[in-house]
Amino acid sequence: MRPLLGLIAGSMLLAACGSSPAASSSPAATSAPLTPRSPAGPGPFPRSASLAYDSTRGTVILFGGRSPNGFFNDTWAWDGDRWTQQTSATNPSTRAGAALADDPEHHVVLMFGGDDHGNLGNDTWEWDGSQWKQAQPVHRPPHRFGGAMTWDAAHHVAVLFGGYSYSLGTFGDTWTWNGTDWTKMSPATSPSPRAYAQIAFDAAHGNVVLHGGYQKDDTWTWDGSTWTQRNPSPAPQLLQQTAPTLEQMAYDPAHKVVVLLSPDDGSGAMVTWSWNGASWSRPSSSAAPPFREGAGLAYDARHSMTLFAGGLPRTGGDGIGTWGWNGSGWTPVG
């Protein structure tokens, strides 16, 4: 796994990528068009960072991340118009590759782990809308970054899978968080160890969907006790990344699909995929966000759109604008 370490330690600025095969059809459902807007300002960008929708307060939350200039430990919220920096009496340390997810039952955004200049965390934090509070679980997963985490509404827990440790290598373990403590699960079958997988809860089918990861492109579902590999064709291909960075998926309840954005072809833009519970498809769209690596994705239920923000652009590309997806097309929204 040393090649992974070498890539992370190297430059996060990006160079040209290869191409992947095109795929097929688009969902029939559409939504009202989004209103295009110019960026209100750079906000926290450019940086690689993860996002999570704070369902209690109706905002999208971003914490920390990394740019070519260093690591961050700031908190930003998207209100539908602009990104606003938040203040907190206590803050987690700077970090990139932290796992972030909404916890609607405890009314917080949950964060676990991350890489702070080579120092890995296994700390658990909760954002309550005004400050970060560190949780004190009896049990906790090993230190890591690049883990994939989402809230499993069917089983009332957050699910964390995989990640990477400089000393222990790549993880293939599954953990759940019940609001108080972590539990290591013992599934009968499991995805292979990986970092930077994409994960989301598919509410229409009541399971967690996991796709890919660094040098992976398989699809799995979690039913609360075990993982099942799915074998759809076509499917999103290996991410053509110059360095392993977090990419996210999000569930779109308006169209009952999981949305994935992948920087995996030579078009100079992101490629959109959707998962309907059985197969992946490529929705057609006249516009797409510019090619970025390490971008965040979250469904903004308050504004009925999938939000794409952050990431590091390839040579000269846009790394500032925020984009929204209404089920049929992407539009700059800030």
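Any read-out appearing in this document is the output of simple, stated calculations on the displayed coordinates, not a laboratory observation. What you see is a predicted model; the values in this text were computed from it and never measured. Don't worry about glycine lacking a Cβ; one is built from the backbone with ideal geometry, like all the others, and counts go over all protein chains shown.
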| task | With a point put 7 Å past each Cα toward its Cβ, work out how far S192 is from N119 in nm, to one decimal. | result | 3.4 nm
| request: Calculate, for Q136 and A204, the FRET efficiency according to 1/(1 + (r/R0)^6) with r their C-beta to C-beta distance and R0 25 Å; round to the nearest 0.05. | output: 0.10
| request: Return the sequence-ordered ³J(HN,Hα) values of region 94-104 in whole Hz as given by the Karplus equation 6.51 cos²θ - 1.76 cosθ + 1.60 applied to θ = phi - 60°, using x for Gly and Pro. | output: 4, 5, 10, x, 6, 8, 9, 7, 6, 10, x
| task | Quick one: compute the contact order of region 259-331, relative version, from alpha carbon pairs under 8 angstrom and 6+ residues apart, as a percent. | result | 24 percent
| task | Indicate the gyration tensor shape class of region 94-204 (rounded, prolate or oblate), computed on the Cα atoms with a ≥ b ≥ c the square roots of the eigenvalues: a/c under 1.5 is rounded; otherwise a/b larger than b/c is prolate and the rest oblate. | result | oblate
| task | Rounded to the nearest Å, what's the spacing between the alpha carbon centres of region 70-133 and region 176-224? Just the number, please. | result | 21 Å
| query | Can you give the net charge of the other residues whose Cβ lies under 11 Å from the Cβ of S55, counting K and R as +1 and D and E as -1? | reply | -3
| field | Cβ crowding within 10 Å averaged over residues, with 131-142, 149-160 ranked highest first | value | 149-160, 131-142
| query | What ranking do 187-199, 91-103 get when scored by the average of other Cβ atoms within 10 Å per residue, highest first? | reply | 91-103, 187-199
| message | I want the local charge near T176. Using Cβ-Cβ distances under 9 Å, sum +1 for each Lys or Arg and -1 for each Asp or Glu among the other residues. | response | 0
